[in-house]
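Written out below as structure tokens is the structure these notes cover.
The values are calculated or read from the model by the stated rules, or taken from the named source; none is laboratory data. As the structure is a computational prediction, the values presented were derived from the model and not from experiment. Every residue, glycine as well, gets a Cβ built from its backbone with ideal geometry; the counts of neighbours run over all protein chains shown.
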Amino acid sequence: MENRKLLKYFSASICLVLLFSLCIISGLSAEEDQEKVFELTVQSVFALDTQDSLSALNTLKRIEEVSNGRLKLTPFLSPGTICEATDMLDAVETGVLDIGYTWPGYWVGKNSAFTLFASVTGGPFGMSTFDFWGWMNFGGGRELYEDLYKKIGYQNIKPFPAKLEVGEAMGWFTKPLNSLEDCKGIKVRAAGLGAVGYAEAGMNVTMVAGPEIVSALERKIIDAAEYGDLRAEKNMGFHEFAKYLHVPGFHQPTGFMGFLVNRQVWEKLPSDLQRIFETVCNEMILYNVLEEYRDQAEFMKWFEDEHNVEIVETPDDIAEAFLKGWEKFAEEEIQKNPNFAEIYESQKAYAQIVVPYEKKFVPDYSFLADYYWPEN
């Protein structure tokens, strides 16, 4: 009996020693994680002088700052350094690249539903970029977005939006458009599934690589082009050969850019660094979009004052053609692609709540703008 008591006492003592040792080891491990610097490779699909890459750099800098340098995400690599833009998804999935900064519209060839996070004509359903972000957070958009990668076979992708879209111009034109009739026969460079609206309006859509657009305008191979943000278009020289900037555009008023993180890399990060990365991305969504609104306004004024670019309001009948073209496309995709149907229906359900509310409660922007800033 005494031997049994001794054995129990000895066993309990051993357990306590092991538990105490594990606590010490765990504490040391946690302490080491607090000091360890994690260096990750990041590459963008965008040229570094674009608004999109500027927003990414803002976010990376902020992550490093908040993590006290424990997350090193620089240097920010130029497109093609590790992989081509079209190969980025596979590069992140396989771990060739730790983090990619990209636009969901690049993956429409893998599944058309990705356009619903990138180019959705009309909002969709009248949503603004902030309504769209509301859907992402409160309407199930985030979950649907991450799940879409898994549904097409990419299990190692952890996505983090970091920049909302600012509505793009309809495009740069070599002559002004006064009605839908003026669109017929115009050769326009347009990309993404949002381009269906240009075709519906009667334009001949062609794809020209970004670096070749200005040359195509100069040589009159195309009559018009849409591309991206005004910063990029200024740097590329669109205003030298197309003097009419038609706004607003209806083909891409919402969407986002963001990071794709390799899941194995993500899971190796301490939990506090994971929280910092995610929280900063959420914080910078607002910072980046507000910075772009300001920058776009300054670039528009520069185009008008310094280069005699004429800002032309998109005629209503052209806008309606864009919406009709998108609706035809969407109906076809709903029948063919259950992923597209599920996400599109989710967007519609959210828009059905917020858009009618905003129509009643948010003052018409043009009314207030005309009151305070009447045009001469």
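For the range 81-96, filtered to residues that are more than 19 Å from the chain's Cα centre (by Cα) and not β-branched (Val, Ile, Thr), the residue that is surrounded by the most Cβ atoms within 10 Å (Cβ to Cβ) is Cys83.
Confirm whether Gly167 is in a loop (DSSP other than H, G, I, E, B), at positive phi and modelled with pLDDT under 95. No, not satisfied.
Give Asp131, Asp182 a once-over and let me know the one that is modelled with pLDDT of 95 or more, more than 28 Å from Asp90 (Cβ to Cβ), buried (at least 22 other Cβ atoms within 10 Å of the Cβ) and among the acidic types (Asp, Glu). Let's see the steps before the verdict.
Numbers: Asp182 fails: buried (at least 22 other Cβ atoms within 10 Å of the Cβ).
The conditions single out Asp131.
Filtering the range 345-376 to residues that are more than 11 Å from Pro124 (Cα to Cα), free of Cβ contacts under 8 Å to residues at least 60 places away in the same chain, surrounded by 10 or more Cβ atoms within 10 Å (Cβ to Cβ) and of a type in the set (Asp, Glu) leaves only Asp370. Against the test of being closer than 24 Å to Leu116 by Cβ, acidic (Asp, Glu), part of a helix (DSSP H, G or I) and modelled with pLDDT of 95 or more, the options Glu306, Glu291, Glu283, Glu332 yield a single qualifying residue, Glu332.
With the structure loaded, tell me whether Glu342 is part of a helix (DSSP H, G or I), without any contact (Cβ under 8 Å) to a residue 12 or more places away in the chain, of a type in the set (D, E, K, R) and within 24 Å of Thr115 (Cα to Cα) or whether it fails that test. The answer is no for Glu342.
The set of residues in the range 243-284 being under 15 Å from Ile157 (Cα atoms), in contact with a Leu (Cβ under 9 Å, 6 or more places away or on another chain) and polar (S, T, N, Q) consists of Asn262 alone. Residues of the range 151-167 that are among the β-branched types (Val, Ile, Thr) and over 22 Å from Phe340 (Cβ atoms): Val166 alone.
Would you check if Asp223 is among the acidic types (Asp, Glu), touching a Lys or Arg at 6+ places or on another chain (Cβ under 6 Å) and buried (at least 16 other Cβ atoms within 10 Å of the Cβ)? Outline the logic, then answer.
Values: among the acidic types (Asp, Glu): yes; touching a Lys or Arg at 6+ places or on another chain (Cβ under 6 Å): yes; buried (at least 16 other Cβ atoms within 10 Å of the Cβ): yes.
Criteria met by Asp223.
Here Glu212 fulfils each of the conditions (1) outside any helix (DSSP H, G or I); (2) out of contact with any Asp or Glu (no Cβ under 7 Å at 6 or more places or on another chain); (3) closer than 23 Å to Leu54 by Cα apart from (1).
Of all residues in the range 273-328, those satisfying the criterion of being closer than 23 Å to Arg70 by Cβ, touching a residue at least 40 places away in the same chain (Cβ under 8 Å) and charged (D, E, K, R) are Glu278, Glu283.
What residue, of Arg70, Arg62, is modelled with pLDDT of 95 or more, charged (D, E, K, R) and within 19 Å of the chain's Cα centre (by Cα)? First the steps, then the outcome.
Numbers: Arg70 fails: within 19 Å of the chain's Cα centre (by Cα).
So the residue among Arg70, Arg62 that is modelled with pLDDT of 95 or more, charged (D, E, K, R) and within 19 Å of the chain's Cα centre (by Cα) is Arg62.
In contact (Cβ under 8 Å) with a residue 24 or more places away in the chain, assigned to a loop (DSSP other than H, G, I, E, B) and surrounded by 23 or more Cβ atoms within 10 Å (Cβ to Cβ) - does that describe any residue in the range 197-208? Checked the range 197-208: at least one residue is in contact (Cβ under 8 Å) with a residue 24 or more places away in the chain, assigned to a loop (DSSP other than H, G, I, E, B) and surrounded by 23 or more Cβ atoms within 10 Å (Cβ to Cβ).
Run down Ala297, Ala321 and say which single residue is surrounded by fewer than 12 Cβ atoms within 10 Å (Cβ to Cβ) and within 26 Å of the chain's Cα centre (by Cα). Lay out the reasoning, then the answer.
Working: Ala321 fails: surrounded by fewer than 12 Cβ atoms within 10 Å (Cβ to Cβ).
Testing whether each residue is surrounded by fewer than 12 Cβ atoms within 10 Å (Cβ to Cβ) and within 26 Å of the chain's Cα centre (by Cα) leaves just Ala297.
The set of residues in the range 273-332 being over 30 Å from Phe241 (Cβ atoms) and of a type in the set (Gly, Ala, Ser) consists of Ala330 alone. For Glu146, the conditions (1) modelled with pLDDT under 95; (2) closer than 23 Å to Phe130 by Cβ all hold with the exception of (1).
Find the residue count for the range 244-269, including only residues that are buried (at least 18 other Cβ atoms within 10 Å of the Cβ) and either not small (Gly, Ala, Ser) or not in a strand (DSSP E or B) (or both).
Residues flagged as buried (at least 18 other Cβ atoms within 10 Å of the Cβ) and either not small (Gly, Ala, Ser) or not in a strand (DSSP E or B) (or both) within the range 244-269 amount to 18.
Residues that are touching a strand residue (DSSP E or B) at 6+ places or on another chain (Cβ under 8 Å) and among the polar types (S, T, N, Q) within the range 169-183 comprise just one, Thr174.
So, of the residues in the range 13-40 that are at pLDDT 95 or above and surrounded by 12 or more Cβ atoms within 10 Å (Cβ to Cβ), which turns out to be farthest from Asp90 (Cα to Cα)?
Of the range 13-40, the ones at pLDDT 95 or above are 37-40.
If we keep only those that are surrounded by 12 or more Cβ atoms within 10 Å (Cβ to Cβ) too, we end up with 38, 40.
Details: Phe38: 22, Leu40: 17 Å.
If we take residues in the range 13-40 being at pLDDT 95 or above and surrounded by 12 or more Cβ atoms within 10 Å (Cβ to Cβ), then Phe38 is farthest from Asp90 (Cα to Cα).
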